[in-house]
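For reference, the structure is listed below as structure tokens.
The values are calculated or read from the model by the stated rules, or taken from the named source; none is laboratory data. Predicted model only: the values in this text are computed from it and were never measured. Heads up, the Cβs are rebuilt from the backbone with ideal geometry, glycines too, and the neighbour counts pull from every protein chain shown.
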Amino acid sequence: AEFRVATPNDDAVMAMKNQDGDVLCQLEIPNTGGWPTFTTISDTVDLEEGSQTLRLESVEGRWNINWFKLEALSGTNVKQVQNLSRGNQLSIENGVLRYMLSENANAAIAVYDLRGRMVFSRKIAAKAEGIQYTKIPVETLSIGNYLLKFKTENIEQELVFNVFR
């Protein structure tokens, strides 16, 4: 979400809330030097699909708003739910898997849908220790949640991610 705002104050804070009053984002508004001097601030807002009633609220101070804009994002939204080994981490962003190896080892990646069907797999030849990257073809996956399993001889990790458009 982007907000075009102005304030001559140093303590202005705004919040966007949903119809239940839950705070979706809260932003400090920087002193812009005056009421007619606008700047754009932004934050990520997660909304459920469908119609929404949103409310902008002054948490602290006074400020002006010229406009706000919401845009649908595409790509992958990720939540790491389980890390089964020490010293190794997984993350995925926009279809690129980032992983860290504490040893030189072959790796296998498998992606499963919520029904447990494997929808993608890849074997990766041994690489040096450290941070590595590999592409996951998220553009071929339907919208929804997936489980990624990452394995080496000594490491097993799992990551749940969401594909949205």
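Quick one: which residue in Thr76, Thr7 is at pLDDT below 90 and among the hydroxyl-bearing types (Ser, Thr, Tyr)?
Matching residue, one of Thr76, Thr7: Thr76.
Residues are listed down the side, and each one gets a yes or a no for (1) of a type in the set (A, V, I, L, M); (2) under 15 Å from Glu60 (Cβ atoms); (3) assigned to a strand (DSSP E or B):
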residue: Phe3; (1), (2), (3): no, no, yes
residue: Asp10; (1), (2), (3): no, yes, no
residue: Met14; (1), (2), (3): yes, yes, yes
residue: Gln19; (1), (2), (3): no, no, no
residue: Leu24; (1), (2), (3): yes, no, yes
residue: Pro30; (1), (2), (3): no, yes, no
residue: Gly33; (1), (2), (3): no, no, no
residue: Pro36; (1), (2), (3): no, no, no
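From the list Val81, Val163, Val96, Val119, exactly one residue is out of contact with any Pro (no Cβ under 9 Å at 6 or more places or on another chain), among the β-branched types (Val, Ile, Thr) and at pLDDT 85 or above. Which is it? Give the derivation first.
Working: Val81 fails: at pLDDT 85 or above; Val163 fails: at pLDDT 85 or above; Val96 fails: at pLDDT 85 or above.
Every option except Val119 fails the conditions.
Does Tyr133 satisfy being loosely packed, with under 11 Cβ neighbours inside 10 Å, of a type in the set (Ser, Thr, Tyr) and free of Cβ contacts under 8 Å to residues at least 40 places away in the same chain?
yes
Residues checked against (1) farther than 14 Å from Tyr99 by Cα; (2) of a type in the set (D, E, K, R):
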residue: Lys127; (1), (2): no, yes
residue: Ile143; (1), (2): yes, no
residue: Lys149; (1), (2): no, yes
residue: Gln157; (1), (2): no, no
residue: Phe161; (1), (2): yes, no
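Output the residue which, of all residues in the range 15-56 that are among the aliphatic types (A, V, I, L, M) and out of contact with any Cys (no Cβ under 9 Å at 6 or more places or on another chain), is farthest from Ile143 (Cα to Cα).
Of the residues in the range 15-56, the ones among the aliphatic types (A, V, I, L, M) are 15-16, 23-24, 27, 29, 41, 45, 47, 54, 56.
Next cut, out of contact with any Cys (no Cβ under 9 Å at 6 or more places or on another chain) only: 23-24, 27, 29, 41, 47, 54, 56.
Numbers: Val23: 26, Leu24: 23, Leu27: 30, Ile29: 35, Ile41: 29, Leu47: 15, Leu54: 25, Leu56: 30 Å.
The extreme case among them is Ile29.
State whether one or more residues within the range 56-72 are loosely packed, with under 12 Cβ neighbours inside 10 Å and at pLDDT below 75.
Yes.
Kindly indicate the residue of the range 23-55 that is of a type outside the set (A, V, I, L, M) and under 19 Å from the mean Cα position of the chain (by Cα) and also modelled with the lowest pLDDT among those meeting that condition. Step through it out loud before you land on a result.
The first filter runs over the range 23-55 and keeps only residues of a type outside the set (A, V, I, L, M), leaving 25-26, 28, 30-40, 42-44, 46, 48-53, 55.
Next, only the ones that are under 19 Å from the mean Cα position of the chain (by Cα) stay: 25-26, 42-44, 46, 48-49.
Numbers: Cys25: 87, Gln26: 91, Ser42: 87, Asp43: 82, Thr44: 77, Asp46: 76, Glu48: 74, Glu49: 69.
Filtering the range 23-55 for residues that are of a type outside the set (A, V, I, L, M) and under 19 Å from the mean Cα position of the chain (by Cα), the one modelled with the lowest pLDDT comes out as Glu49.
Is it the case, given these coordinates, that Glu103 is of a type in the set (Asp, Glu), modelled with pLDDT under 75 and not in a strand (DSSP E or B)?
Yes.
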